[in-house]
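First the structure, in the form of structure tokens, and then the observations on it.
The values are calculated or read from the model by the stated rules, or taken from the named source; none is laboratory data. The structure presented is a predicted model; accordingly, all values stated were derived computationally and were not measured. No Cβ is skipped: glycine too gets one built from the backbone with ideal geometry, and neighbour counts run over all protein chains shown. Only protein heavy atoms, including side chains, enter the accessible area calculation; ligands, DNA and RNA are left aside. Shrake-Rupley method; radii C 1.70, N 1.55, O 1.52, S 1.80 Å.
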Amino acid sequence: YDAIVSFGAFEHFARDGTTGPQRIAAYRRFFATCWRWLTPDGRLGLETIAHDDAPDTDAPLGRGPLGDFVLQLYPESLCPHLGEIVLGLEPWFELEVLRSDADDFARTCRAWLVRLRAHQDEAAAFVGAEVAGNFRRYLAASELQFRTRSITNYRLVLRRRPRLRH
């Protein structure tokens, strides 16, 4: 491929309860696969939410209130630290662009929350009042944490290295 885009998937490549080295190994498998699939001058676009302000722990439910709450909604997800992403992409890729767009995601969570509240009866009829309530709390907590920068939304553009770095 000339390009690969990974949007909203990276958070699901490592599980909570894993150690930093285990998470990095999972990310390295992803980047190695992308490297093999790309043409020599190929690009990889990566978007992921990151919990850089959360403690690094391999204990389940230990990354702060939002991290713990997210695991209730998405039990097989874990947002990375920036350093884990960088360690994962070496030696396959060069970094071309790195953006931290927490404000964009705060506005997005706010818009989703406003729309969910406007249609809460329909949502409750569709998925149940408990699930709809959980997502309202999740979106409100997410907006707050993006606004206070305890979580962010990273957008990276990576260029495939022609040869592996050793």
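Observations on the structure shown:
- Yes/no for R99 being part of a helix (DSSP H, G or I), at pLDDT 80 or above and not aromatic (F, W, Y): no
- The residues on offer are A124, A141, A106, and the sole one that is within 26 Å of G45 (Cβ to Cβ), surrounded by 14 or more Cβ atoms within 10 Å (Cβ to Cβ) and in contact with a helix residue (DSSP H, G or I) (Cβ under 7 Å, 6 or more places away or on another chain) is A106.
- The conditions of being open to solvent by less than 40 Å² (accessible area, probe 1.4 Å) and either under 30 Å from I85 (Cβ atoms) or touching a strand residue (DSSP E or B) at 6+ places or on another chain (Cβ under 6 Å) (or both) are not met by L98.
- Taking the conditions (1) surrounded by 15 or more Cβ atoms within 10 Å (Cβ to Cβ); (2) out of contact with any Asp or Glu (no Cβ under 6 Å at 6 or more places or on another chain); (3) modelled with pLDDT under 75 in turn, L71 satisfies each one other than (2).
- Residue match in segment 108-118 (condition: assigned to a helix (DSSP H, G or I), polar (S, T, N, Q), at pLDDT below 95 and farther than 30 Å from R36 by Cα): no
- Neighbours by Cβ (under 7 Å, 6+ apart or cross-chain): first from segment 152-164, under 11 Å from E94 (Cα atoms); second of a type in the set (V, I, T) and open to solvent by 50 Å² or more (accessible area, probe 1.4 Å): L156/V97; V157/V97
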